[in-house]
Amino acid sequence: MAVNTEKNSYTIIFAIAMVLVVGSLLAFTASTLKPKIVENERMEMQQNILYAFGVNDNEGKGDITFIAKNKVAEAFKANVKEQLVLEYKDGKIVKTMTREQYMAEYNQEPYLIDIKKQQANAKAGQSRLLPLFVGEKDNQAVYVAPIRGKGLWDAIWGYVALDKDMVVRGAFFDHAAETPGLGANIKQRYFIDDFEGEHLLSDTGAFKGIAVAKGNNDPTNLRKDDFKVDALAGATITGDGVAAMIKNDLKLYLGYFENLKKPASN
């Protein structure tokens with residue numbers, strides 16, 4: 001018997017069947033690709049952290065070139081000597097966990113901590129976990145901290161390397177949807193490199209942050225103690241977002257760096 005394809009019931013049944021088929025295919029594809037997606041996210045995070053440490057394949061003054069993916073795991077193990085997780089609550093660091101302690105409690109690597117989720121926890125009055133990656137650069141201990149903020153259109157984030165005096169020794173910034181040629185330039189080397197050597201603390205130890213300033217009197221960035229870098233043309237809101245996430249997120253680590261300077265007790 002021929003099927004009457006003009007009936008409403010046929011259209012409805014056909015639509016339901018197509019939804020089920022397409023939905024099943026999408027679910028299968030997502031399930032199949034998930035391990036690959038997770039692995040790519042892991043490698044990207046490690047590449048970003050390594051870049052802040054100064055471990056990359058950059059040449060000359062060209063574009064950012066991350067270390068090759070097939071070398072990431074080995075380079076991360078070699079350069080990140082220690083992973084710490086600081087628990088921050090009520091305006092202070094209340095606990096410091098080693099990688100082993102954190103993994104025993106949370107069953108994941110510290111570098112996989114979701115910074116967006118931790119910011120939401122803090123807004124809800126809960127503890128916030130602050131990852132910190134310890135390595136070495138130029139024979140000096142360097143500490144890389146992840147940061148996250150808001151640009152003009154969507155999220156921006158980064159990793160900043162600091163020495164014990166909270167002087168910037170490297171950085172990496174990225175974005176979700178900033179304007180190409182404008183706010184998206186926070187990912188360009190000429191902007192990122194300006195932060196190296198910048199101070200976050202005043203002579204008295206007060207946290208100042210780093211402003212991304214229009215009309216900066218030091219456009220070539222020779223002064224490193226003025227708490228400013230030159231702004232990106234046409235990207236005021238994105239630049240303000242970079243300055244805000246540096247100030248809001250890195251300030252939370254101040255107590256840890258103050259403790260580094262305290263003499264060891266006998």
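Before moving on, here are some points about what is shown:
- With Cα atoms as the point set, the chain shows a radius of gyration and Dmax of 23.0, 94 Å.
- Cα gyration tensor shape for the range 193-252, rounded if a/c is under 1.5, else prolate or oblate: oblate
- Net length gained if the chain between SER24 and GLU258 were fully extended (0.36 nm per residue, minus Cα distance): 78.8 nm
- Ranked by the mean number of other Cβ atoms within 10 Å of their residues, highest first, the peptides 71-82, 175-186 fall in the order 175-186, 71-82.
- Between the beta carbons of ASP138 and ILE16, assuming R0 = 51 Å, the FRET efficiency works out to 0.20 to the nearest 0.05.
- Cα-based Rg of the range 149-265 normalised by 2.2 N^0.38 Å, two decimals: 1.07
- Dipole in debye (nearest 20) - the range 70-146, about Cα centre, beta carbon charges: Lys, Arg +1; Asp, Glu -1: 280 debye
- Cα-based shape type of the range 100-175, given that a ≥ b ≥ c are square roots of the gyration tensor eigenvalues and the cut on a/c is 1.5: oblate
- Considering only VAL94, ILE49, VAL142, the residue lying farthest towards the positive end of the dipole of the range 35-154 is VAL94, judged by Cα position with unit charges set on Cβ.
- Over the range 175-266, relative contact order from alpha-carbon pairs under 8 Å, at least 6 apart, %: 27 percent
- Compactness of the range 120-215, expressed as Rg and Dmax over alpha-carbon positions, Å: 14.8, 41
- Peptide packing for 237-248, 84-95 was compared via the average number of neighbouring C-beta atoms within 10 Å per residue; ordered from the highest value, the list is 237-248, 84-95.
- Computed over protein heavy atoms with a 1.4 Å probe, the carbon and sulfur contribution to the accessible area of the range 70-203 reaches 46%.
- Cross-link partners for LYS228 among the lysines, with Cα-Cα distance under 17 Å and sequence neighbours closer than 8 places in the same chain left out: LYS208, LYS214, LYS247, LYS251.
- Value of D in µm² per second that Stokes-Einstein yields for the range 20-150, Kirkwood Rh from Cα pairs, at 20 °C (1.002 mPa s): 127 µm²/s
- Listed by chain and number, the lysines placed with their C-alpha closer than 21 angstrom to that of LYS69 are LYS34, LYS36, LYS77, LYS81, LYS187; residues fewer than eight positions away on the same chain are left out.
- For the chain, calculated [θ]222 nm from helices alone, where every DSSP H run of n ≥ 4 adds -39500 (n - 2.57): -12500 deg cm²/dmol
- The chain: relative contact order as a whole-number percent, Cα under 8 Å and 6+ apart: 14 percent
- FRET efficiency for the pair GLU82 and LYS164, taken as 1/(1 + (r/R0)^6) with r the Cβ-Cβ distance and R0 = 22 Å, rounds to 0.95.
- Pairwise centroid distance, computed over Cα atoms, of the range 229-243 with the range 157-194, Å: 11 Å
- Å² per residue, accessible surface of the chain at 1.4 Å: 58 Å²
- Taking the average, over residues, of other Cβ atoms within 10 Å as the packing measure, peptides 11-20, 144-153 rank 144-153, 11-20 from highest down.
The values are calculated or read from the model by the stated rules, or taken from the named source; none is laboratory data. Values in this document were obtained by computation on a predicted structure and should not be read as measured data. Neighbour counts run over all protein chains shown; Cβ positions are idealised from the backbone, glycine included. Side chains included, ligands, DNA and RNA excluded: accessible areas come from the protein's heavy atoms. Shrake-Rupley method; radii C 1.70, N 1.55, O 1.52, S 1.80 Å.
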